[in-house]
Every structure is written in C-alpha cells, then in structure tokens.
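> Please find one structure pasted underneath; my questions will follow.
What follows is calculated from the coordinates using simple rules that are stated; it is not laboratory data. Since the structure is predicted, the reported quantities are computational estimates derived from the model, not experimental observations. Neighbour counts are summed over all protein chains in view; Cβ atoms, including those assigned to glycine, are modelled from backbone coordinates with ideal geometry.
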Amino acid sequence: MSKILVIEDNEAARENISDILRLEGFEPLVATNGQQGLELAFQHTPDLIICDVMMPKLNGYEVLEALGKDERLSTIPFIFLTAKAARYDVRQGMTLGSSDYLTKPFSPSELVAAIKTQLKRKETITQSYAQQINHLQRSIDQNSHTDELTQLPNQAALSQTLEQYLTEDKDFSLFIISVDQFSFLSSTLSTADTEELIKLIAQRIQKVFPHSMASESLKDTFRMGQNQFSVLTDQVDPDGGQLPRTAYRFLNLLRAPYILNGKAVNVTTSIGIASTTNITDASRQVSRVESLLQGAKTALYKVQQKGGNDYCFYRPEMIFSAFERLDVENALYYALQQDELEVFYQPQVDISAGSVVGVEALLRWKSAQLGWVSPTKFIPIAEEIGLINDISNWVLWQACEQVKKWQKLMVKPIGVSVNLSAVQLSQPGLCETVSKILQKTAIAPHLLCLEITENALIKNKGYAINILQELKKMGIRIAIDDFGTGYSGLGYLSSFPCNTIKLDRMFIQDIHQRYSNQRIVSAIINMSHELELKVIAEGAETQDELDYLKLQGCDIVQGFVHSRPMPSSDVTKFIQATTSEPLDSNPAPITTTTRALPSA
Ligand code: C2E
Ligand code: MG
Ligand code: MG
C-alpha cells in the first residue's frame, strides 16, 4: 500500500484529501504544517507528498527545498496544491522539483489521477534504474569472467565453475593445455600475430569440445593464462581409453600448422589432466578446487619436464615432485651467483687407438640447500624460467677456457663438446655469442663441438638447420646427441648439418646380447660412415659392450667403462695417463671417481 503524506493547514481540505486517499486504497499520513510534514517525511519516507503552498511559518516551497537537500527524500514525487494557478507559483514549484500541481478546488478524480500518474512515473523510473544497474552488474561480472582476446571464460570463471560442479558432487576431469615454449614463440612473432595465434588455438580447442556452459553435458573451455587453456569433461576413465583419446585429439589438432600472415607457424602443446576421482584425501587438505587445479598443473609439469608435446595424468604421489620442483626453481636463481655450478668433463675415447680425442662438458650443481641436483632435473627448469642462456653461456666460457689451459699443458689439443639446449637454439644471437667466446678465449673453432639432441632438432627443424649450418661454416663441429630417441629415422641424417652422431645409451646397454639393438646400431654406424660422420657410442659401461662396438666399427666411446664425468684436473691426469702426453712435474695418481657424481 502506497504511503501518501498530506501537508495541509486547512483542516477540512486535509480531511477531505485523506478520505479520498483511504477510499482509493492509499495510506495517508497527515501533517498540519510544514514543520510536521518534514518530520513525518524523514520518519516514514512516503511514496508521494501532497503539500499546500500557502502555509504559515514553513510554506510549501520551503518544505520542498528542505526535502531537496536530503538524498533519500529528494526523489519522492511532490504535488503542490495551489489556491490559484498563477504562472509564477507553478514555475517556482517546478523549479524546486515539484512533479505536478493541482489548483484548488479540484475534484477527487483529478487528485487520484495526479497521484496515480506520479506513482506510475516513479515506478517506471525505479524499474529502469534497477534494470540499468542489473545490466551494468551483469556486464561487470561478464567482463571479470571473460578473457577479452578469445571471449572464453577466464580463470575466475573456471574456479567458479569447478566450485559449482564439486558442490554438485559431479565427477569430471580437468585438462590444462599449455602451449610449449610460448615465450620464445611470442618473441619471434608480432603482438598481433601472437594474439591471432592464441585465438586460433582457442578455436581449435573448442572444436574438440564445441559445447557451451548451457550444454547439458559437463564440458567447457577456459583461457587460464597467457598460454594456457583448460577444458572440463565428464570423462573420468584414464584406463578406459576415453581420456587418452581426447588428449591425443587435442595434441594432434593443435599441432597442425597455423597460418599467420601467410606463414605457417608450428606449435606443440603439453597437457596435464586431473580427475575428481583421483584427488586423494591427503590433497583435500586444501580446497578441492585447489587440489584439482594443483593436480592438473603437476601433471603438466611432468610433461614439460620431458620436453612437452605430450599429455600426463595426475597421480597423487606426483604432488611431492611439484614441491621439489619449486625448491629447485628457487635455489637455481642463486646457483650461478653463489658459485654452486661446476663443469665436469667426460673423456671421449677413440675405440681403436684407446686415446682421448675429446671431452664432453657436463654441468654439475651442488646446491647448498638441496645437495647434488642432476642436470636432467634442473636444465629443463632453467629453460622454463629463462635462466638457460646465462647458465649455458657460462658453461661455454668455462669449457673454452679449459681447452685453452689444456692446450698449454699438452702437445695434442683436446676438443670439448658442449650441450646446447633447444631453447638456446631458438634464440637470436647464438652464433654471435659463440663466436665472441671463441675469439676471447682464442681457441680454434674446430676444438669446439656443440651437441644438440635429435629431439630438439626435430622440434625446431626449420630454423635449427639454418643455425647449425651457420655454426658449421664458422668451423665449429656439430654432434647430434641422443640419436635414435627422436624417431627422426635414418633418412633424416643426411639433412642434418653435422659431423658426429652420438648413439643414445639405450641402444648401447647390453648391446652384445640384444639382437634388436644390434641391427639398429649397425645400420646407424653404416649410414653415418657413408655420410662421412663419426659415431660416438654413449654410455658404454662394460668391456663386452665396448668389444661389440669395436667390432661394429664404432669410432668413439664415451662411458663409465673409461671414466665417469670428472673435474678438469682429474681429466688432465686421465689424459696424460692414457696417452704419451708429457706429464706435468708431479703427476698425481688417477682418481677418476674423485668428486664424480654417482651414476648419472
Ligand atoms: P647427455 O648430453 O646425453 O650427456 C650424457 C649423459 O650420460 C651424462 O649425464 C653422463 O654422465 C651420462 N653418462 C655417460 N656415460 C654413462 C654411462 O656409462 N652410464 C650411464 N648410466 N650414464 C652415463 P648427465 O651428466 O647427468 O647429463 C644428463 C643430461 O643433462 C645430458 O645428457 C645433457 O642433455 C644435459 N646436460 C648436462 N650438462 C648440460 C649443459 O651444460 N647444458 C645443457 N643444455 N644440457 C646439459
Ligand atoms: Mg650431450
Ligand atoms: Mg646424450
């Protein structure tokens, strides 16, 4: 029931109006003067005010003026009652904010019509405000839950959706899809092309799951961060094959070239998957939303550590390795500054002559907090957090400086092989950096060999080949590391600009007894020799393996059978002991295992 405040000093008029109001179903509040009217207005906040103009003490204008000063009361519809419809009175009333006026005497229907019109107007205005506020709120909500570039729901929306599904006790899986090596990728593209690429990736992801939130089926796609997307699916059966099939579909679909500005760009992705059915009680100490996100991220790290372009399911025992990774990441930032890194060298021995023909520089890190950390663990992390260039350049300097020192000590120069990370290969300025280091250390380029893994080469084939060609032109030697693990096939050998093939350890282990590996190794050796490439067998541990490799015509062996990686001073002694190199004045006994790490 609308409350109408009537301010009228004339008793008869006041009662007359009140009666009409009551009859029409309104609730009248009555005031006999302006002062009382204001008090009732403040007290009851009426829906409408009817006020006489001419009143002793506080007249109608003064009442209206006072109401106008209060934010809450100033919007109440206000109808003046005037004895005469003098233009001046009307204008003054309207100027002060009156909504309407009635000239006395007026009929009940005139009064009711004026009241209803004003109440209706107020209601329309209120509704329209409410609508506008709703609309505004919705668009604020939408903006804060939508990724501007792809128009996909964002991280905040994901958390909200996860929360909702978990509250409803639904079982589902969360995929986190991350574009591999994104920072490098975006550094080679213009901002517009990078944005276009992200949009195209988003479109392809939605092609696998083209359902929207409105869909009955529990599926949706979100953009989580710069290079990460997430997808929800009601599939939860890692063993039933449905989830792996979905993961493969994503990997394959996203791997196909993207055409940006007429140029094809290749992208690979890594996928971490966590299912609600896999969250253990232990991990439920944090919220279930957090556990699920953490699980998928942990699985994603696993894939990324192995070089990406694959998927992995979260298992509860993985969570510990994620914490471990964080420790490694933090400690790595200080490793270089705090002198925790050291380069070890592993001899490469000519299989027929038995002499050392070179060494491979292998990075060692003894962290003050974590103890020895394997390069297989920290190198991928250094690549991800952008430290790999500093670390690699430091290794290159150390290795070249060491070659110079050996040159002074020995008649026959010893060359050094340094591992290049895939990230380095893809960064501008590599050739310049290498050339600068060679100049400053004044060593001949052919004494430096750069090793690049077959996998890194395949992943970055286009530009990697150009860079390797340039390095080769500078006189630097190139070795393809871990050959045989990248599925490039023998046919690729001729297209790689290289001098040496390093056969991966997995083929060498027990080679004298494993027929399948024997066939592969002999084919690689023959093919390499036809292409005038040297073959180094990595990881030979036993005399049997060594004998077999010799029989097959392998050129060089690098493995524990000769020596583990060791500090430079031990290598010096090793070389001097295995060749007829002149010894320094006071040779120490060979201790090849001194300070060497346990098995790599
Ligand atoms: P890699 O370049 O293939 O190096 C050979 C690895 O095999 C070394 O492991 C070496 O210690 C190990 N190894 C050699 N002979 C044997 C053997 O007879 N038996 C066994 N079980 N292992 C043997 P390490 O030093 O742990 O290095 C692992 C990987 O880390 C290297 O593989 C390389 O990919 C990477 N790495 C090491 N140092 C550097 C570096 O300075 N820069 C970059 N980018 N990567 C590095
Ligand atoms: Mg290597
Ligand atoms: Mg290797």
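> If each residue's Cβ is checked for other Cβ atoms within 10 Å, how do Met1, Met410 rank with the fewest at the top?
Least crowded to most crowded, the residues run Met1, Met410.
> Give me the angle, in degrees from 0 to 90, between the Cα long axis of helix 108-144 and the longest principal axis of the Cα atoms of the chain, rounded to the nearest 10.
Its long axis makes an angle of about 10 degrees.
> Cα to Cα, under 22 Å, and not fewer than 8 places away if on the same chain: which lysines meet these conditions relative to Lys302?
Lys377, Lys459
> Grab every C-alpha pair in segment 3-139, bin the distances at 10 angstrom width from 0 up to the longest one, and report whole percents.
The calculated distribution, bin by bin, is 12, 44, 32, 9, 3, 0.
> Still on this structure, I have one more. Which order, highest average first, do 103-109, 562-568, 494-500 follow once you tally other Cβ atoms within 10 Å for each residue and take the mean per peptide?
For the peptides 103-109, 562-568, 494-500, the packing ranking is 562-568, 494-500, 103-109.
> Let me ask something else about it. Taking N as the number of residues in segment 120-195, what is its Cα Rg relative to 2.2 N^0.38 Å?
1.74
> Counting only pairs 8 or more places apart or on different chains, how many lysine pairs in segment 3-139 have C-alpha atoms closer than 17 Å?
4
> Using only the Cα atoms of segment 299-381, build the gyration tensor, take square roots of its eigenvalues as a ≥ b ≥ c, and label the shape rounded, prolate or oblate: rounded if a/c is under 1.5, else prolate if a/b is larger than b/c, else oblate.
It comes out oblate by the Cα gyration axes.
> What number comes out for the charge environment of Arg477, summing +1 per Lys or Arg and -1 per Asp or Glu over other residues with Cβ under 10 Å away?
+1
> What lysines does Lys550 reach when the alpha-carbon gap must be under 30 Å and sequence neighbours fewer than 8 apart in one chain are set aside?
Hits, sequence-local ones excluded: Lys412, Lys472, Lys502, Lys534, Lys573.
> What is the calculated FRET efficiency for Ser494 to Arg255, with r their C-beta to C-beta distance and R₀ = 25 Å, to the nearest 0.05?
0.50
> Classify segment 428-532 as rounded, prolate or oblate from the Cα gyration tensor: take a ≥ b ≥ c as the square roots of its eigenvalues, call it rounded if a/c is under 1.5, otherwise prolate when a/b beats b/c and oblate if not.
Here segment 428-532 falls in the prolate category.
> Taking R0 as 30 Å, what FRET efficiency do you get between Arg519 and Lys412 from their Cβ-Cβ distance, rounded to the nearest 0.05?
0.25
> Taking the number of other C-beta atoms within 10 Å as the exposure measure, put Arg249, Arg204 in order starting with the fewest.
So the ranking, lowest neighbour count to highest, is Arg249, Arg204.
> Against the longest principal axis of the chain, how steep is helix 155-167, in degrees 0 to 90 to the nearest 10, with axes from Cα atoms?
Value to nearest ten degrees: 80.
> I would also like to ask the following. What are the principal axis extents of the Cα atoms in the chain, in Å, biggest first?
That gives 132, 52, 50 Å along the principal axes, largest extent first.
> Give the value in nm², to one decimal: projected area of the alpha carbon convex hull of segment 155-319, averaged over all directions.
9.6 nm²
> Here's something else I'd like to know. Pairing the Cα long axis of helix 375-384 with the longest principal axis of the chain, what angle in degrees results, from 0 to 90 and rounded to the nearest 10?
The angle comes out near 40 degrees.
> Which of the lysines could a cross-linker bridge to Lys207, judged by Cα under 18 Å and excluding same-chain residues fewer than eight apart?
Cα-Cα hits under 18 Å: Lys199, Lys219.
> Shifting gears a bit: Which ordering of Arg91, Arg325 is given by a fewest-first count of other beta-carbon atoms within 10 Å?
So the residues, fewest neighbours to most, are Arg91, Arg325.
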